[in-house]
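Structure first, commentary second.
The values are calculated or read from the model by the stated rules, or taken from the named source; none is laboratory data. All values derive from a computational prediction rather than experimental measurement. For neighbour counting, all protein chains shown are included, and Cβ atoms are generated from backbone atoms with ideal geometry for every residue, glycine included. Heavy atoms of the whole protein, side chains included, go into the accessibility calculation; ligands, DNA and RNA do not. Shrake-Rupley method; radii C 1.70, N 1.55, O 1.52, S 1.80 Å.
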Amino acid sequence: MSVQTILWNGTPIAFLPGDTIASALSRAGITEFGLRQTALPAAIFCGIGQCQNCLVSIEGIGVAEACLTLCDAEQSVRSLSDHRLTESAHD
Amino acid sequence: MIDTRPLIVGAGPAGLRAAITLSDAGLHPVLVDHAPGIGGAVYANLRAQPNLTPKLTREARILRQDFDRVRPRVDLRLSTAFAAFDQTGTALLTGQAGMMFKPRAVIFATGARERIQPRPGWTLAGVSSAGALQIALKTTGTLPLGRLLLAGTGPLLYAIAAQMVAADRPPVAVIETGNPLRHPLMALRLPARVLTEATRYIGQLLLAGVPILSGTDLTRIETRNGALIAHTSRQGRWAEISVDHIGLHDGLARNDFGISAEMTGQTPVFQAGDCRSVLGRWAAEEDGKRAAEQVLHALNATPGRAAIAPDQRFIKTQTLLAKLFARAPALAAPELPDDTVICRCENRSLGDLKQALQTASEQTQTTARTLRLTERFGMGPCQGRQCLDWVAALTPDTTSFADLRGNRWPIKPVRVRDILDAPDFTADPSHQDLK
Ligand code: FES
(Lines give C-alpha, C1' and ligand atoms only; values in the text may rest on other atoms or scores of the structure.)
Protein backbone atom coordinates (compact mmCIF):
# COMPACT_ATOMS: atom_id res chain seq x y z
CA MET A 1 0.00 0.00 0.00
CA SER A 2 1.41 3.34 -0.94
CA VAL A 3 1.72 6.04 1.68
CA GLN A 4 -1.21 8.43 1.83
CA THR A 5 -0.58 12.13 2.07
CA ILE A 6 -2.25 15.42 2.77
CA LEU A 7 -0.97 18.62 1.20
CA TRP A 8 0.24 21.04 3.85
CA ASN A 9 0.57 24.49 2.26
CA GLY A 10 1.21 22.56 -0.95
CA THR A 11 3.78 20.10 0.45
CA PRO A 12 2.84 16.39 0.73
CA ILE A 13 2.87 15.08 4.32
CA ALA A 14 2.40 11.37 5.02
CA PHE A 15 -0.34 10.22 7.36
CA LEU A 16 -1.37 6.97 9.01
CA PRO A 17 -4.91 5.66 9.43
CA GLY A 18 -6.48 7.43 12.40
CA ASP A 19 -4.21 10.47 12.13
CA THR A 20 -5.68 13.89 12.68
CA ILE A 21 -4.15 16.72 10.71
CA ALA A 22 -2.41 17.77 13.91
CA SER A 23 -0.89 14.36 14.63
CA ALA A 24 0.30 13.93 11.02
CA LEU A 25 1.92 17.36 11.02
CA SER A 26 3.63 16.85 14.36
CA ARG A 27 4.99 13.49 13.31
CA ALA A 28 6.49 15.27 10.31
CA GLY A 29 8.19 17.66 12.73
CA ILE A 30 5.83 20.57 12.00
CA THR A 31 4.75 22.12 15.29
CA GLU A 32 3.81 25.58 14.08
CA PHE A 33 0.72 25.69 11.88
CA GLY A 34 1.18 29.31 10.83
CA LEU A 35 0.26 32.37 12.86
CA ARG A 36 -2.97 33.31 14.58
CA GLN A 37 -4.54 36.72 14.03
CA THR A 38 -2.69 37.88 17.16
CA ALA A 39 0.62 36.88 15.52
CA LEU A 40 1.11 34.21 18.20
CA PRO A 41 1.80 30.78 16.71
CA ALA A 42 -1.05 28.48 15.72
CA ALA A 43 -0.17 25.07 17.17
CA ILE A 44 -1.58 22.17 19.13
CA PHE A 45 -2.34 23.24 22.66
CA CYS A 46 -5.27 21.43 24.29
CA GLY A 47 -5.46 18.63 21.72
CA ILE A 48 -9.21 18.14 22.25
CA GLY A 49 -11.01 20.96 20.48
CA GLN A 50 -11.33 23.39 23.38
CA CYS A 51 -8.65 26.03 22.80
CA GLN A 52 -8.97 26.80 19.06
CA ASN A 53 -5.21 27.32 18.94
CA CYS A 54 -4.78 24.83 16.09
CA LEU A 55 -7.22 26.22 13.51
CA VAL A 56 -6.28 25.60 9.88
CA SER A 57 -8.09 25.91 6.57
CA ILE A 58 -9.14 22.53 5.20
CA GLU A 59 -10.27 21.86 1.66
CA GLY A 60 -13.95 20.91 1.58
CA ILE A 61 -14.51 21.80 5.25
CA GLY A 62 -13.31 25.33 5.84
CA VAL A 63 -11.67 26.59 9.01
CA ALA A 64 -11.47 23.76 11.53
CA GLU A 65 -9.42 22.36 14.40
CA ALA A 66 -6.40 20.40 13.16
CA CYS A 67 -6.62 18.32 16.35
CA LEU A 68 -10.17 17.10 15.64
CA THR A 69 -10.11 16.58 11.89
CA LEU A 70 -8.99 13.27 10.44
CA CYS A 71 -6.69 13.32 7.42
CA ASP A 72 -8.13 12.53 4.02
CA ALA A 73 -5.94 11.50 1.09
CA GLU A 74 -4.76 14.36 -1.13
CA GLN A 75 -6.68 16.86 0.97
CA SER A 76 -5.23 20.34 0.86
CA VAL A 77 -4.69 21.96 4.26
CA ARG A 78 -3.38 25.47 4.68
CA SER A 79 -2.37 27.62 7.57
CA LEU A 80 -4.75 30.51 8.19
CA SER A 81 -1.93 33.03 7.98
CA ASP A 82 -1.08 31.66 4.53
CA HIS A 83 -4.73 32.08 3.59
CA ARG A 84 -4.96 35.59 4.91
CA LEU A 85 -1.86 36.66 3.05
CA THR A 86 -3.28 35.53 -0.29
CA GLU A 87 -6.77 36.81 0.40
CA SER A 88 -5.87 40.19 1.78
CA ALA A 89 -3.27 40.99 -0.86
CA HIS A 90 -5.42 43.90 -2.03
CA ASP A 91 -5.23 45.92 1.19
CA MET B 1 -45.16 15.84 16.00
CA ILE B 2 -42.98 15.63 19.07
CA ASP B 3 -39.40 14.47 18.82
CA THR B 4 -38.85 11.87 21.49
CA ARG B 5 -35.09 11.65 21.23
CA PRO B 6 -32.96 12.81 24.13
CA LEU B 7 -29.64 14.48 23.31
CA ILE B 8 -26.33 13.55 24.91
CA VAL B 9 -23.40 15.90 24.34
CA GLY B 10 -20.03 14.17 24.66
CA ALA B 11 -19.13 10.52 24.03
CA GLY B 12 -16.70 9.97 26.91
CA PRO B 13 -17.41 7.57 29.78
CA ALA B 14 -20.33 9.62 31.16
CA GLY B 15 -21.98 10.17 27.77
CA LEU B 16 -21.51 6.58 26.62
CA ARG B 17 -22.89 5.16 29.85
CA ALA B 18 -25.85 7.55 29.63
CA ALA B 19 -26.51 6.45 26.04
CA ILE B 20 -26.38 2.79 27.08
CA THR B 21 -28.79 3.36 29.97
CA LEU B 22 -31.27 5.33 27.85
CA SER B 23 -31.14 2.78 25.04
CA ASP B 24 -31.72 -0.08 27.45
CA ALA B 25 -34.84 1.76 28.59
CA GLY B 26 -36.10 1.80 25.01
CA LEU B 27 -35.20 5.34 23.99
CA HIS B 28 -33.19 6.32 20.93
CA PRO B 29 -30.69 8.93 22.10
CA VAL B 30 -28.77 11.24 19.80
CA LEU B 31 -25.13 11.16 20.93
CA VAL B 32 -22.83 13.87 19.57
CA ASP B 33 -19.12 14.44 19.93
CA HIS B 34 -16.90 16.86 18.05
CA ALA B 35 -14.08 14.32 18.02
CA PRO B 36 -13.95 11.78 15.17
CA GLY B 37 -14.46 8.84 17.56
CA ILE B 38 -15.98 7.74 20.85
CA GLY B 39 -14.18 7.55 24.19
CA GLY B 40 -13.67 11.19 25.08
CA ALA B 41 -10.19 12.12 26.26
CA VAL B 42 -9.76 9.43 28.88
CA TYR B 43 -10.70 6.55 26.59
CA ALA B 44 -9.40 8.13 23.37
CA ASN B 45 -7.78 4.80 22.53
CA LEU B 46 -11.29 3.46 21.84
CA ARG B 47 -11.03 5.29 18.54
CA ALA B 48 -7.49 4.18 17.70
CA GLN B 49 -6.62 1.52 15.19
CA PRO B 50 -6.50 -1.57 17.44
CA ASN B 51 -2.95 -2.50 16.43
CA LEU B 52 -1.52 0.94 17.20
CA THR B 53 -2.01 1.58 20.89
CA PRO B 54 -1.65 -0.44 24.06
CA LYS B 55 -4.37 -2.90 24.97
CA LEU B 56 -7.59 -1.42 26.27
CA THR B 57 -8.10 -1.50 30.00
CA ARG B 58 -10.80 -3.77 31.33
CA GLU B 59 -13.24 -0.94 32.00
CA ALA B 60 -12.74 0.54 28.53
CA ARG B 61 -13.42 -2.88 27.00
CA ILE B 62 -16.62 -3.34 28.99
CA LEU B 63 -17.79 0.15 28.08
CA ARG B 64 -17.23 -0.54 24.41
CA GLN B 65 -18.96 -3.94 24.56
CA ASP B 66 -21.98 -2.40 26.25
CA PHE B 67 -22.06 0.42 23.74
CA ASP B 68 -21.71 -1.97 20.78
CA ARG B 69 -24.72 -3.86 22.11
CA VAL B 70 -26.99 -0.78 22.02
CA ARG B 71 -25.29 0.83 19.02
CA PRO B 72 -28.24 0.21 16.62
CA ARG B 73 -30.51 2.24 18.89
CA VAL B 74 -28.14 5.20 19.20
CA ASP B 75 -28.02 7.99 16.65
CA LEU B 76 -24.25 8.54 16.96
CA ARG B 77 -23.01 11.73 15.34
CA LEU B 78 -19.23 12.08 15.40
CA SER B 79 -17.19 15.05 14.16
CA THR B 80 -20.33 16.95 15.10
CA ALA B 81 -20.55 19.61 17.79
CA PHE B 82 -23.42 20.77 19.92
CA ALA B 83 -23.47 24.54 19.45
CA ALA B 84 -26.52 26.04 21.08
CA PHE B 85 -30.17 26.00 22.11
CA ASP B 86 -32.76 28.60 21.30
CA GLN B 87 -35.71 29.57 23.46
CA THR B 88 -38.03 27.21 21.59
CA GLY B 89 -35.92 24.26 22.73
CA THR B 90 -34.27 23.73 19.35
CA ALA B 91 -30.76 22.35 19.56
CA LEU B 92 -28.24 23.24 16.86
CA LEU B 93 -25.68 20.58 16.00
CA THR B 94 -22.94 21.59 13.58
CA GLY B 95 -20.28 19.76 11.61
CA GLN B 96 -20.30 16.50 9.71
CA ALA B 97 -23.74 15.33 10.88
CA GLY B 98 -25.21 18.68 11.87
CA MET B 99 -28.94 19.24 12.31
CA MET B 100 -31.55 21.19 14.20
CA PHE B 101 -33.99 19.27 16.34
CA LYS B 102 -35.94 19.52 19.55
CA PRO B 103 -34.58 16.99 22.02
CA ARG B 104 -36.90 15.90 24.83
CA ALA B 105 -34.09 16.14 27.33
CA VAL B 106 -30.39 16.90 27.31
CA ILE B 107 -27.41 15.43 29.12
CA PHE B 108 -24.22 17.43 28.96
CA ALA B 109 -21.23 15.15 29.40
CA THR B 110 -18.57 17.53 28.13
CA GLY B 111 -15.83 16.36 30.45
CA ALA B 112 -12.99 18.32 31.94
CA ARG B 113 -10.52 20.89 30.76
CA GLU B 114 -6.87 21.09 31.78
CA ARG B 115 -5.89 24.04 33.90
CA ILE B 116 -2.61 25.43 32.71
CA GLN B 117 -0.83 28.15 34.63
CA PRO B 118 0.29 30.97 32.33
CA ARG B 119 4.07 31.29 32.13
CA PRO B 120 6.32 33.27 29.82
CA GLY B 121 6.73 31.18 26.68
CA TRP B 122 3.62 29.06 27.12
CA THR B 123 2.33 30.27 23.76
CA LEU B 124 5.32 28.91 21.81
CA ALA B 125 4.72 26.15 19.27
CA GLY B 126 5.78 22.84 20.81
CA VAL B 127 4.36 23.79 24.20
CA SER B 128 1.00 22.11 24.73
CA SER B 129 -1.12 20.67 27.44
CA ALA B 130 0.23 17.37 28.74
CA GLY B 131 -3.14 15.92 27.76
CA ALA B 132 -2.55 16.81 24.11
CA LEU B 133 0.57 14.61 24.08
CA GLN B 134 -1.42 11.83 25.72
CA ILE B 135 -4.18 12.08 23.12
CA ALA B 136 -1.61 11.70 20.33
CA LEU B 137 -0.26 8.62 22.06
CA LYS B 138 -3.67 7.12 22.69
CA THR B 139 -5.08 7.69 19.23
CA THR B 140 -2.06 7.05 17.02
CA GLY B 141 0.45 5.26 19.26
CA THR B 142 3.01 7.94 18.47
CA LEU B 143 4.33 11.15 19.96
CA PRO B 144 5.81 14.21 18.27
CA LEU B 145 9.49 13.88 17.39
CA GLY B 146 12.21 14.90 19.80
CA ARG B 147 12.77 15.22 23.54
CA LEU B 148 9.70 15.48 25.76
CA LEU B 149 9.27 17.23 29.09
CA LEU B 150 6.26 17.22 31.43
CA ALA B 151 5.67 19.96 33.97
CA GLY B 152 3.04 21.21 36.39
CA THR B 153 1.24 19.21 38.99
CA GLY B 154 -1.30 16.45 39.53
CA PRO B 155 -1.75 12.71 39.13
CA LEU B 156 -2.38 12.90 35.38
CA LEU B 157 1.25 13.94 34.77
CA TYR B 158 2.49 10.59 36.11
CA ALA B 159 -0.02 8.57 34.12
CA ILE B 160 1.12 10.33 30.96
CA ALA B 161 4.81 9.99 31.83
CA ALA B 162 4.36 6.24 32.42
CA GLN B 163 2.52 5.86 29.13
CA MET B 164 5.41 7.64 27.40
CA VAL B 165 7.82 5.17 29.02
CA ALA B 166 5.69 2.27 27.81
CA ALA B 167 5.80 3.74 24.29
CA ASP B 168 9.62 3.84 24.51
CA ARG B 169 9.63 7.63 24.60
CA PRO B 170 10.34 8.44 28.24
CA PRO B 171 10.18 12.14 29.08
CA VAL B 172 13.46 13.88 29.98
CA ALA B 173 11.93 14.65 33.39
CA VAL B 174 8.70 15.30 35.24
CA ILE B 175 8.73 18.72 36.92
CA GLU B 176 6.27 18.87 39.80
CA THR B 177 5.37 21.83 42.01
CA GLY B 178 4.14 19.58 44.80
CA ASN B 179 5.91 16.92 46.83
CA PRO B 180 3.50 14.01 46.35
CA LEU B 181 6.07 11.31 47.14
CA ARG B 182 6.86 12.88 50.50
CA HIS B 183 3.58 11.76 52.03
CA PRO B 184 3.48 7.97 51.76
CA LEU B 185 1.28 7.62 54.84
CA MET B 186 -1.30 10.00 53.45
CA ALA B 187 -1.13 8.19 50.11
CA LEU B 188 -1.98 4.92 51.84
CA ARG B 189 -5.41 6.31 52.58
CA LEU B 190 -6.24 6.40 48.87
CA PRO B 191 -8.67 3.75 47.60
CA ALA B 192 -6.90 0.54 46.58
CA ARG B 193 -7.45 0.90 42.84
CA VAL B 194 -6.15 4.48 42.80
CA LEU B 195 -3.13 3.52 44.88
CA THR B 196 -2.36 0.47 42.73
CA GLU B 197 -2.46 2.57 39.61
CA ALA B 198 -0.29 5.32 41.11
CA THR B 199 2.26 2.83 42.42
CA ARG B 200 2.49 1.20 39.03
CA TYR B 201 3.10 4.54 37.29
CA ILE B 202 5.73 5.68 39.77
CA GLY B 203 7.40 2.25 39.56
CA GLN B 204 7.57 2.47 35.77
CA LEU B 205 9.11 5.94 35.97
CA LEU B 206 11.72 4.95 38.55
CA LEU B 207 12.61 1.83 36.60
CA ALA B 208 13.07 3.84 33.41
CA GLY B 209 15.20 6.36 35.30
CA VAL B 210 12.89 9.30 34.62
CA PRO B 211 13.80 12.03 37.13
CA ILE B 212 10.87 13.39 39.09
CA LEU B 213 11.88 16.90 40.12
CA SER B 214 9.40 17.66 42.86
CA GLY B 215 8.96 20.97 44.64
CA THR B 216 10.09 22.58 41.40
CA ASP B 217 8.53 25.25 39.19
CA LEU B 218 8.83 25.58 35.44
CA THR B 219 9.08 29.35 35.47
CA ARG B 220 9.52 30.22 31.81
CA ILE B 221 10.17 28.80 28.38
CA GLU B 222 12.15 30.29 25.54
CA THR B 223 13.51 29.11 22.21
CA ARG B 224 17.20 28.75 21.53
CA ASN B 225 18.71 27.23 18.36
CA GLY B 226 15.44 25.61 17.45
CA ALA B 227 14.99 23.96 20.86
CA LEU B 228 12.70 24.87 23.73
CA ILE B 229 14.57 25.86 26.88
CA ALA B 230 12.64 25.23 30.09
CA HIS B 231 13.81 27.30 33.04
CA THR B 232 13.16 25.67 36.38
CA SER B 233 13.41 26.98 39.88
CA ARG B 234 13.73 25.07 43.14
CA GLN B 235 14.34 26.90 46.39
CA GLY B 236 16.32 29.61 44.71
CA ARG B 237 18.29 27.21 42.50
CA TRP B 238 17.86 27.64 38.79
CA ALA B 239 18.34 25.18 35.99
CA GLU B 240 17.74 24.94 32.25
CA ILE B 241 16.48 21.92 30.37
CA SER B 242 16.64 21.80 26.59
CA VAL B 243 13.83 19.84 24.90
CA ASP B 244 11.59 19.80 21.82
CA HIS B 245 8.13 19.45 23.35
CA ILE B 246 6.74 20.49 26.69
CA GLY B 247 3.48 19.19 28.10
CA LEU B 248 2.00 21.40 30.81
CA HIS B 249 -0.69 20.38 33.28
CA ASP B 250 -1.81 22.10 36.49
CA GLY B 251 -4.88 20.07 37.29
CA LEU B 252 -8.36 19.66 35.87
CA ALA B 253 -11.51 21.76 35.95
CA ARG B 254 -15.08 21.27 34.77
CA ASN B 255 -15.64 21.98 31.09
CA ASP B 256 -19.05 23.47 31.76
CA PHE B 257 -18.84 26.71 29.80
CA GLY B 258 -22.24 27.89 28.62
CA ILE B 259 -24.23 24.85 29.68
CA SER B 260 -26.32 26.16 32.53
CA ALA B 261 -29.82 24.75 32.82
CA GLU B 262 -31.44 28.21 32.88
CA MET B 263 -30.67 28.62 29.22
CA THR B 264 -32.59 25.69 27.83
CA GLY B 265 -36.15 26.84 28.53
CA GLN B 266 -38.55 23.98 29.14
CA THR B 267 -36.19 21.20 28.11
CA PRO B 268 -34.95 19.16 31.07
CA VAL B 269 -31.16 19.42 31.29
CA PHE B 270 -28.68 17.39 33.29
CA GLN B 271 -24.93 17.37 33.63
CA ALA B 272 -22.94 14.20 34.03
CA GLY B 273 -19.36 13.24 34.69
CA ASP B 274 -16.41 15.60 34.94
CA CYS B 275 -18.42 18.53 33.56
CA ARG B 276 -20.59 18.28 36.70
CA SER B 277 -17.82 17.49 39.15
CA VAL B 278 -14.26 16.46 38.31
CA LEU B 279 -14.07 13.05 39.94
CA GLY B 280 -12.45 10.94 37.25
CA ARG B 281 -13.52 8.21 34.88
CA TRP B 282 -15.03 5.72 37.31
CA ALA B 283 -17.25 8.35 38.87
CA ALA B 284 -18.07 9.73 35.41
CA GLU B 285 -19.51 6.45 34.24
CA GLU B 286 -21.67 6.09 37.32
CA ASP B 287 -22.78 9.67 36.93
CA GLY B 288 -23.74 9.10 33.28
CA LYS B 289 -26.01 6.28 34.40
CA ARG B 290 -27.45 8.49 37.14
CA ALA B 291 -28.16 11.33 34.69
CA ALA B 292 -29.86 8.92 32.29
CA GLU B 293 -32.08 7.70 35.11
CA GLN B 294 -32.99 11.28 35.86
CA VAL B 295 -33.93 11.80 32.22
CA LEU B 296 -36.13 8.72 32.36
CA HIS B 297 -37.71 10.06 35.48
CA ALA B 298 -38.30 13.46 33.89
CA LEU B 299 -39.90 11.82 30.87
CA ASN B 300 -41.96 9.54 33.12
CA ALA B 301 -40.69 6.53 31.31
CA THR B 302 -39.66 4.75 34.50
CA PRO B 303 -39.63 5.57 38.15
CA GLY B 304 -36.27 7.30 38.14
CA ARG B 305 -34.07 8.67 40.84
CA ALA B 306 -34.14 12.16 42.16
CA ALA B 307 -31.01 14.28 41.88
CA ILE B 308 -28.30 12.82 44.05
CA ALA B 309 -24.95 14.12 45.08
CA PRO B 310 -21.90 12.35 43.68
CA ASP B 311 -20.61 9.43 45.70
CA GLN B 312 -18.71 10.63 48.77
CA ARG B 313 -15.89 8.14 48.13
CA PHE B 314 -14.92 9.88 44.90
CA ILE B 315 -14.99 13.27 46.58
CA LYS B 316 -12.78 12.04 49.43
CA THR B 317 -10.28 10.67 46.93
CA GLN B 318 -10.07 14.01 45.13
CA THR B 319 -9.64 15.92 48.39
CA LEU B 320 -6.83 13.62 49.43
CA LEU B 321 -5.14 13.89 46.03
CA ALA B 322 -5.33 17.68 46.25
CA LYS B 323 -3.53 17.52 49.61
CA LEU B 324 -0.88 15.14 48.29
CA PHE B 325 -0.16 17.45 45.39
CA ALA B 326 -0.26 20.69 47.35
CA ARG B 327 2.32 23.18 46.18
CA ALA B 328 5.58 22.72 48.06
CA PRO B 329 5.65 25.29 50.89
CA ALA B 330 9.27 26.16 50.16
CA LEU B 331 8.35 27.22 46.65
CA ALA B 332 7.86 30.95 46.20
CA ALA B 333 4.66 32.14 44.54
CA PRO B 334 5.27 32.34 40.81
CA GLU B 335 6.24 35.84 39.82
CA LEU B 336 5.10 36.55 36.35
CA PRO B 337 6.63 39.40 34.36
CA ASP B 338 4.11 41.90 33.01
CA ASP B 339 4.47 40.75 29.43
CA THR B 340 3.26 37.22 30.28
CA VAL B 341 0.34 36.38 28.00
CA ILE B 342 -2.75 35.61 30.08
CA CYS B 343 -5.39 35.46 27.37
CA ARG B 344 -3.87 33.48 24.51
CA CYS B 345 -6.71 34.04 22.04
CA GLU B 346 -6.66 37.83 22.22
CA ASN B 347 -2.98 38.14 23.19
CA ARG B 348 -3.68 40.07 26.40
CA SER B 349 -0.92 40.22 28.98
CA LEU B 350 -0.68 40.51 32.73
CA GLY B 351 0.44 44.11 32.19
CA ASP B 352 -2.74 44.81 30.18
CA LEU B 353 -4.80 43.41 33.04
CA LYS B 354 -2.98 45.44 35.69
CA GLN B 355 -3.33 48.61 33.65
CA ALA B 356 -7.03 48.00 33.11
CA LEU B 357 -7.55 47.65 36.85
CA GLN B 358 -5.60 50.81 37.54
CA THR B 359 -7.21 53.11 34.97
CA ALA B 360 -10.61 51.76 35.85
CA SER B 361 -10.20 52.42 39.55
CA GLU B 362 -9.26 56.01 38.75
CA GLN B 363 -12.30 56.53 36.56
CA THR B 364 -15.08 54.02 36.94
CA GLN B 365 -15.50 50.66 38.52
CA THR B 366 -14.01 47.57 36.94
CA THR B 367 -16.43 44.73 36.46
CA ALA B 368 -16.41 41.39 34.74
CA ARG B 369 -18.17 43.20 31.92
CA THR B 370 -15.47 45.82 31.42
CA LEU B 371 -12.71 43.23 31.63
CA ARG B 372 -14.46 41.35 28.86
CA LEU B 373 -15.84 44.06 26.60
CA THR B 374 -13.07 46.63 26.84
CA GLU B 375 -10.11 44.49 27.71
CA ARG B 376 -11.10 41.39 25.72
CA PHE B 377 -10.21 38.85 28.42
CA GLY B 378 -12.18 35.68 27.83
CA MET B 379 -13.63 36.96 24.55
CA GLY B 380 -11.57 34.91 22.11
CA PRO B 381 -12.50 31.65 20.43
CA CYS B 382 -11.70 29.48 23.48
CA GLN B 383 -14.31 31.58 25.29
CA GLY B 384 -12.16 31.94 28.37
CA ARG B 385 -11.56 28.26 29.02
CA GLN B 386 -7.84 28.99 29.29
CA CYS B 387 -7.59 32.41 30.87
CA LEU B 388 -10.57 33.08 33.10
CA ASP B 389 -9.35 30.96 36.03
CA TRP B 390 -6.28 33.17 36.13
CA VAL B 391 -8.03 36.47 35.44
CA ALA B 392 -10.34 35.69 38.35
CA ALA B 393 -7.41 34.71 40.59
CA LEU B 394 -5.57 37.93 39.69
CA THR B 395 -8.59 40.16 40.35
CA PRO B 396 -10.05 38.70 43.56
CA ASP B 397 -11.56 41.99 44.73
CA THR B 398 -13.01 42.86 41.38
CA THR B 399 -14.84 39.93 39.93
CA SER B 400 -15.45 36.23 40.21
CA PHE B 401 -14.90 33.37 37.83
CA ALA B 402 -18.66 32.85 37.45
CA ASP B 403 -19.21 36.52 36.55
CA LEU B 404 -16.37 36.54 34.08
CA ARG B 405 -17.52 33.37 32.44
CA GLY B 406 -21.20 34.16 32.23
CA ASN B 407 -23.45 31.83 30.31
CA ARG B 408 -23.73 32.23 26.59
CA TRP B 409 -24.32 30.22 23.48
CA PRO B 410 -22.76 28.89 21.40
CA ILE B 411 -20.51 26.73 23.54
CA LYS B 412 -17.89 26.77 20.81
CA PRO B 413 -17.32 28.83 17.68
CA VAL B 414 -19.63 27.95 14.80
CA ARG B 415 -19.14 28.43 11.08
CA VAL B 416 -22.03 30.34 9.50
CA ARG B 417 -22.10 27.77 6.72
CA ASP B 418 -22.71 25.03 9.28
CA ILE B 419 -25.84 26.80 10.50
CA LEU B 420 -27.13 27.19 6.96
CA ASP B 421 -26.28 23.58 6.12
CA ALA B 422 -27.87 21.96 9.18
CA PRO B 423 -31.06 20.12 8.16
CA ASP B 424 -34.03 21.24 10.21
CA PHE B 425 -36.01 18.45 11.88
CA THR B 426 -37.85 20.65 14.35
CA ALA B 427 -41.18 20.48 12.48
CA ASP B 428 -40.92 16.88 11.38
CA PRO B 429 -38.60 14.67 13.38
CA SER B 430 -37.30 12.05 11.01
CA HIS B 431 -36.73 9.44 13.67
CA GLN B 432 -39.69 8.34 15.71
CA ASP B 433 -39.01 6.52 18.86
CA LEU B 434 -41.52 3.67 19.16
CA LYS B 435 -41.78 3.55 22.88
S1 FES C 1 -5.36 22.02 20.04
FE2 FES C 1 -6.95 23.02 21.15
S3 FES C 1 -8.54 23.06 19.66
FE4 FES C 1 -7.02 21.90 18.68
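Quick notes on this one:
- Meets criteria (within 11 Å of another protein chain (Cβ to nearest Cβ) and within 12 Å of the ligand (Cβ to nearest atom)) for A:T38: no
- Exclusive hit being more than 24 Å from the chain's Cα centre (by Cα), at pLDDT 95 or above and open to solvent by less than 60 Å² (accessible area, probe 1.4 Å), set B:V210, B:V165, B:V174: B:V210
- Just one of (1) over 12 Å from the mean Cα position of the chain (by Cα); (2) within 10 Å of chain B (Cβ to nearest Cβ) fails for A:A64. It is (1).
- Those residues of region B:124-137 which are closer than 26 Å to B:T340 by Cβ and more than 7 Å from every other protein chain (Cβ to nearest Cβ), in sequence order: B:V127, B:A130, B:L133, B:Q134
- Subset of region A:21-35 that is in contact with a strand residue (DSSP E or B) (Cβ under 9 Å, 6 or more places away or on another chain) and facing another protein chain (nearest Cβ under 7 Å) - its residue that is farthest from the ligand (Cβ to nearest atom): A:R27
- If the condition is being closer than 23 Å to B:E335 by Cα and touching a Pro at 6+ places or on another chain (Cβ under 7 Å), then region B:355-404 contributes only B:W390.
- Answer from B:P303, B:P329, B:P310 - the residue that is out of contact with any Cys (no Cβ under 7 Å at 6 or more places or on another chain), surrounded by 17 or more Cβ atoms within 10 Å (Cβ to Cβ), modelled with pLDDT under 85 and more than 14 Å from chain A (Cβ to nearest Cβ): B:P310
- Just one of the listed residues (B:L133, B:L150, B:L145) is in contact with a His (Cβ under 8 Å, 6 or more places away or on another chain) and more than 14 Å from the ligand (Cβ to nearest atom), and it is B:L150.
- Hits in region A:41-67 - residues which are within 10 Å of the ligand (Cβ to nearest atom) and small (G, A, S): A:A42, A:A43, A:G47, A:G49, A:A64, A:A66
- Among (1) buried (at least 24 other Cβ atoms within 10 Å of the Cβ); (2) within 25 Å of B:H297 (Cβ to Cβ) - the single one B:A35 does not satisfy: (2)
- Residue match in region B:352-372 (condition: over 30 Å from B:E176 (Cα atoms) and either within 13 Å of another protein chain (Cβ to nearest Cβ) or aromatic (F, W, Y) (or both)): no
- Residue in region B:183-193 that is among the hydrophobic types (A, V, I, L, M, F, W, C), open to solvent by less than 40 Å² (accessible area, probe 1.4 Å) and more than 25 Å from B:L124 (Cβ to Cβ) present: yes
- Of residues in region B:138-162 being away from chain A (no Cβ under 14 Å) and in a helix (DSSP H, G or I), the one most open to solvent (accessible area, probe 1.4 Å): B:P155
- Matching residues, region A:1-31, being part of a helix (DSSP H, G or I) and of a type in the set (A, V, I, L, M): A:I21, A:A22, A:A24, A:L25
- Residue within region B:100-110 that is of a type in the set (A, V, I, L, M) and in contact with an Asp or Glu (Cβ under 6 Å, 6 or more places away or on another chain) present: yes
- Residues in region B:332-368 that are modelled with pLDDT under 90 and among the acidic types (D, E): B:E335, B:E362.
- Taking (1) within 14 Å of another protein chain (Cβ to nearest Cβ); (2) more than 19 Å from B:A328 (Cβ to Cβ); (3) in contact (Cβ under 8 Å) with a residue 60 or more places away in the chain in turn, B:L190 satisfies each apart from (1).
- Summed over region B:100-119, the residues that are touching a strand residue (DSSP E or B) at 6+ places or on another chain (Cβ under 8 Å) and either of a type in the set (F, W, Y) or within 13 Å of another protein chain (Cβ to nearest Cβ) (or both) give a count of 9.
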